[in-house]
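The values are calculated or read from the model by the stated rules, or taken from the named source; none is laboratory data. No experiment lies behind these values; they were computed from the predicted model shown. All Cβ positions, even for glycine, are placed from backbone atoms using ideal geometry, and neighbour counts span all protein chains on display. Keep in mind that these areas ignore ligands, DNA and RNA; they rest on the heavy atoms of the full protein, side chains included. Shrake-Rupley method; radii C 1.70, N 1.55, O 1.52, S 1.80 Å.
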Amino acid sequence: MTKLAYMKTGTDLNTANIFSIFASVQGEGIYVGVPQIFMRFTGCNIRCDYCDTTEALMPQAVARMEMTPFSGNMKLAPNPLSIEVIAGHIKEMRDVFSGFHSIALTGGEPLVCNGFLKKLLPELKETGLKIFLETNGTLPEKLAEVIDMVDIISMDIKTPSGIQSGMVDWNKTKEFLEIASGKDCYLKILVGEKTQDEELKKAGDLAANINPDISVAIQPVFRDSNGKNCACVSLKRLTEAYDLLRSVMNDVRIIPQVHKLAGWN
Ligand code: SF4
């Protein structure tokens with residue numbers, strides 16, 4: 001097998017290229033504060049200006065697997081990882097710490113590996129933990145294939161000003177939210193230096209037409225246009241965004257990335 005084939009993202013239905021599996025505390029959105037097992041996939045179908053997981057955009061030769069929950073001690077396992085290896089490791093973590101709320105599928109974009117997820121998720125369900133999907137909200141057809149096995153969906157609403165191509169297919173966003181709203185679902189909208197009122201209004205109207213009671217988390221971009229990590233959006237701008245969204249949605253909150261403030265993974 002060539003090195004490139006070896007490192008291919010999403011490989012096949014029985015294996016996947018994984019960046020890391022580790023325990024931490026959810027730092028974003030309305031579930032902030034719950035302990036989770038995070039499984040970070042590699043690969044993503046879009047490129048955001050403010051991506052804070054660029055290391056997970058490309059396939060990796062090895063996956064980092066935390067040996068004991070919350071220890072930070074990682075062992076390296078050659079990619080791609082099999083369903084048996086992943087499910088076995090996650091079950092071991094759950095056996096060590098009984099307080100996990102859920103298993104967070106994150107990335108990258110986990111739905112890029114939807115065929116693999118269809119086979120993995122029944123195994124993860126055996127842990128008794130909820131399946132928590134963190135997604136960029138752009139792949140409705142792939143969500144439809146796994147929705148029955150997902151419990152909670154943290155859906156980004158991507159705005160044109162935050163995407164490198166500047167292209168957002170609002171029809172896909174709508175289609176995705178229509179499917180996701182059948183589950184416990186909340187929205188995350190990043191607000192940065194370039195975010196426009198018009199796109200916030202568009203996002204709010206789109207969500208309100210589906211269900212105005214879906215919670216919305218406004219997340220300040222924690223990185224400026226020069227790549228420097230900082231809370232680079234003023235409270236004034238964040239509350240303006242809040243006002244725009246709150247005019248059509250019933251539950252809107254401004255929640256920064258708590259794990260970054262705390263220095264957690
Ligand atoms: S969708 Fe997420 S992982 Fe993909 S580029 Fe955007 S921020 Fe990064």
Springs between alpha-carbon pairs under 10 angstrom, Gaussian network model over the chain: which of 143, 177, 244 fluctuates most?
244
Over all Cα pairs of region 136-190, how is the pair count split among 5 Å bins, expressed in % and running from 0 up to the last occupied bin?
4, 21, 32, 23, 12, 7, 1
Compute for the chain: radius of gyration divided by Kirkwood radius, i.e. Rg/Rh, restricted to C-alpha atoms, rounded to two decimals.
0.95
Normalised convex hull volume, region 1-117, alpha-carbon set, Å³ per residue:
106 Å³
Among 107, 29, 99, which one shows the highest mean-square fluctuation when the chain is modelled as a Gaussian network with alpha-carbon springs under 10 Å?
99
Determine the order of 172, 201 by accessible area, beginning with the largest, at a probe radius of 1.4 Å.
201, 172
The chain: relative contact order in percent, alpha carbon pairs under 8 Å with at least 6 residues between
17 percent
Taking every DSSP bridge whose two residues both lie in region 41-134, the antiparallel percent to the nearest 5 is 55 percent
May I ask for the equivalent-ellipsoid semi-axes of region 164-209, computed as the square root of five times each C-alpha gyration tensor eigenvalue and listed largest first in whole Å?
20, 12, 10
In degrees, nearest ten, helix 114-125 long axis to first principal axis of the chain (Cα):
70 degrees
What residue among 23, 56, 208 has the largest mean-square fluctuation in a Gaussian network model of the chain, using Cα springs under 10 Å?
208
In degrees, nearest 10, range 0 to 90: what is the angle between the Cα axis of helix 83-96 and the longest Cα principal axis of the chain?
80 degrees
Quick one: with all protein chains in place, what share of the accessible area of the chain is carbon or sulfur, to the nearest percent (1.4 Å probe)?
52 percent
Arrange the residues 236, 130 by how much accessible surface each exposes, largest first, with a 1.4 angstrom probe.
236, 130
Dimensions (Å) - region 116-265, Cα atoms, principal axes, largest first:
45, 37, 30
In the neighbourhood of residue 254 defined by beta carbon distances under 14 Å, the net charge of the other residues (Lys, Arg +1; Asp, Glu -1) is +1
What net charge is computed for the residues neighbouring residue 186, neighbours being all others with C-beta under 12 Å from the C-beta of residue 186, Lys and Arg scored +1, Asp and Glu -1?
-3
What distance in nm separates the two pseudo spin-label positions at residue 170 and residue 151, each 7 Å out from Cα along the beta-carbon direction?
3.5 nm
Distance check, please: which entries in 188/236; 118/158; 130/194 exceed 30 angstrom between their Cα atoms?
130/194
Sum of side-chain charges, residue 172 neighbourhood, beta-carbon under 12 Å (Lys, Arg +1; Asp, Glu -1):
-1
How many Å² of accessible area per residue for the chain, probe 1.4 Å?
44 Å²
If amide H atoms are modeled at 1.01 Å from N in the peptide plane, then the residues at a separation of 5 or more from residue 63, or on another chain, having amide H under 5 Å from its own are 77, 79
Could you pull the Cα extents of region 95-146 along its three principal axes, largest to smallest, in whole Å?
35, 19, 14
Charged-residue dipole, Cβ positions (Lys, Arg, Asp, Glu), the chain about Cα centre, Debye nearest 20
540 debye
